[in-house]
Amino acid sequence: MRRVVITGMGIYSCIGTTIEEVKKSLYEGTSGIVVDPERKEFGYRSALTGTVPTPNLKKELTRRQRMSFGSESEYAYIATKQAFEQAKVDQTFLDTQEIGVLFGNDSTAQSVMEAIDKIRIKKDTTLVGSGSVFKSMNSTITMNLSTVFKLKGVNFTISAACASGSHAIGMGYMLIKQGLQDYMICGGGQEINSYAFGSFDGLGVFSTHEENPTQASRPFDSKRDGLVPSGGGAAIFMESYESAVARGATILGEVIGYGFSSNGAHISTPNAEGPSRAMQRAVQQANITPCQIDYVNAHATSTPVGDANEAKAINEVFGDANPYVSSTKSMTGHECWMAGASEIVYSLIMLNNGFIAPNINLETPDEDAAKLNLVKETIDKKIDVFLSNSFGFGGTNSAIVIKKI
Amino acid sequence: METSVIIEKVNAFLIEEFEVEASEIAVEANLQETLDLDSLDYVDLVVAIEASFGVKLIGDDFVGIETFQDFYTLIEKKVNK
C-alpha cells in the first residue's frame, strides 16, 4: 500500500477566497455569516446564510465552458485552480499524467429551477439553452472540472449529503493508496441560493438568531438553536509520497486514515454509535492510538441533537486522550456538500501554521460538550495529527485522519 | 422588420452572448468558423434568436447556412414570414 500525501489545497468560502484570507479568518475567529433578506421574501423561516462573492470567470474560461457552469462548479473551479497552483501542477502536467477527479456534491437546485421555470413559461425545452443539462446534473462539478482541465483519470461525483466532500477525499485517498490512481484532485462544492436550502429550512433546523448573524452558529453551546447554511468550494491535490518527493512538492499532510459507517437508523436524526464507528475505523486504519490525535475538527453543525451525539461519540472514542476539539462551522456555517472537504482544508491550514482555530460563540457548553476539550479561543500550538468528522442525512458518516510529515 | 434592424439585432447578440469581436463580423465571413460554433452552440443560437425576434428556428433551418449573410437572410425570412 502506498502512502498518500496532500501537496495542494484551495478554498472559496464565506471566510475567505484564498488560503491566506481563510488562514487569517480562522486565526482571528471571524464569522462569515450574514442575513439575506430575500430569503424571508422567498418564504424562509431563517434569513441567515454564509455568503461568497460571485466569481467572474469570463477572462479564464471560454463561453462554451462557462455555459455549463453553475455556481457550485465556479466555486469548485477556483478552489481546484488554487490547489493545482500550490501543488505546482500545470497544464502540461495535467496533459501528460492521469489525474483523477472526485468531488462531493448533492444538489444543483438553482440550475434545475431556472430550467424548469423557463420550460413552463416557453413550453419549449430547447429554449433552456445548451448548458442547462450540464448545470442541472448532480455530477456537474466533476464533468466541468474534467473537461476544463482535461483530466483523464477516474471521474465521478460522490453524493452523501453533508459528508459528500469528506467521502470524496476518502475515496481518492483509497484509490492512490491501492495504486489505482497516481494523482487525485478531490473536494466539494456547495451552491448558495434560496432554491438550494428551502426544503432544509422547512425542517425547522436552521438558527433564527437573525438579530446577530455572526453569533448564530454556535456549535456545542447550550444556547444553540440550529445550523446556518453556507457554501462555496474546496479542493485538495493528492499523490503518493514517492511522487511528491520526486517532484520536490511541498507536503502539506499525509492522509493516514479514512473511516466510514452508516447509522442504519433515522433519515435525519443522528446518533452517536455510527459516528463513533467511523472515527474508530479511521484511527485503527491510521495505526495510531487516540491519544496521538491532537485535534478533532468536529462536524458539529449547531443543532441540539447532532452536537450532543457527536460529543458523546468523541468522548467514547477518545476518552481520557481528550484532544482539542472545535467546530469551524461556528465561523463558516454549515457548508453542507463541501463541508467535509473545506474542513480538511481548514484543518490543514492549522496543521501547517501552528494554531488551532476556535469554536467561536461558545459560552456555556451543554452537558455532553462540557466533557470535551473545546477550544474557545485560538490556541498557538503545533499539531501533528488531526481527525475531521463529517456526517450526513441518511446516517452517512466519514472520518479522516491526517498527519504532518 | 427592415433588414438593417435585423442585422443590427443579430450582431448585438452575437457580440454580447457569443463574444465575437465586432471587427470579425463580415457578411461574407464564415459563421461557424468566426464564432467557433460546435453542435451545442446552435441550440444557443436558437435561444438567442427567439429572445431577440420571438421566432423559433429548428436544427434543419441551419442546413446550408455558411456566411453571416446567409444567417441574416434566414432570420429575415423567418421574422417577415
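The values are calculated or read from the model by the stated rules, or taken from the named source; none is laboratory data. As the structure is a computational prediction, the values presented were derived from the model and not from experiment. Here Cβ is always computed from backbone atoms with ideal geometry, including for glycine, and neighbour counts include all displayed protein chains. Side chains included, ligands, DNA and RNA excluded: accessible areas come from the protein's heavy atoms. Shrake-Rupley method; radii C 1.70, N 1.55, O 1.52, S 1.80 Å.
Some notes on this structure:
- One residue from B:GLU17, B:GLU76 being open to solvent by less than 60 Å² (accessible area, probe 1.4 Å) and charged (D, E, K, R): B:GLU76
- Lone qualifier among A:SER268, A:SER194, A:SER262 - being over 28 Å from A:GLN110 (Cβ atoms), in contact (Cβ under 8 Å) with a residue 60 or more places away in the chain and in contact with a helix residue (DSSP H, G or I) (Cβ under 7 Å, 6 or more places away or on another chain): A:SER262
- Among residues of region A:269-302, those that are open to solvent by 30 Å² or more (accessible area, probe 1.4 Å) and of a type in the set (Val, Ile, Thr), counted: 3
- Within region A:193-232, the set of residues being of a type outside the set (D, E, K, R) and in a helix (DSSP H, G or I) comprises A:SER194, A:TYR195, A:ALA196, A:PHE197, A:GLY198, A:SER199, A:PHE200, A:PRO213, A:THR214, A:GLN215.
- Where helices (runs of 4 or more DSSP H) fall wholly inside region A:79-184, the ranges with 1 or more residues that are under 19 Å from the mean Cα position of the chain (by Cα) are A:109-122, A:140-148, A:164-177.
- Residue match in region A:78-88 (condition: crowded, with 18+ Cβ neighbours inside 10 Å and in contact with a Pro (Cβ under 8 Å, 6 or more places away or on another chain)): yes
- Among the candidates B:TYR72, B:TYR42, residue that is aromatic (Phe, Trp, Tyr) and within 17 Å of A:SER130 (Cα to Cα): B:TYR42
- B:VAL79 fulfils the conditions (1) more than 13 Å from chain A (Cβ to nearest Cβ); (2) aliphatic (A, V, I, L, M); (3) without any contact (Cβ under 8 Å) to a residue 40 or more places away in the chain except for a single criterion, (3).
- Exclusive hit being crowded, with 22+ Cβ neighbours inside 10 Å, at pLDDT 95 or above, touching a strand residue (DSSP E or B) at 6+ places or on another chain (Cβ under 7 Å) and in a helix (DSSP H, G or I), set A:LEU362, A:LEU351: A:LEU351
- The set of residues from region B:1-40 being under 11 Å from the mean Cα position of the chain (by Cα) and within 9 Å of another protein chain (Cβ to nearest Cβ) comprises just one member, B:PHE18.
- Failed criterion for A:VAL255 (all others in (1) in contact (Cβ under 8 Å) with a residue 60 or more places away in the chain; (2) in a loop (DSSP other than H, G, I, E, B) hold): (2)
- Within region A:1-24, being closer than 12 Å to A:THR332 by Cβ and surrounded by fewer than 22 Cβ atoms within 10 Å (Cβ to Cβ) holds for one residue alone: A:GLY16.
- Scan region A:108-134 for residues that are open to solvent by less than 80 Å² (accessible area, probe 1.4 Å), within 14 Å of another protein chain (Cβ to nearest Cβ) and under 17 Å from A:SER194 (Cβ atoms) and the total you get is 1.
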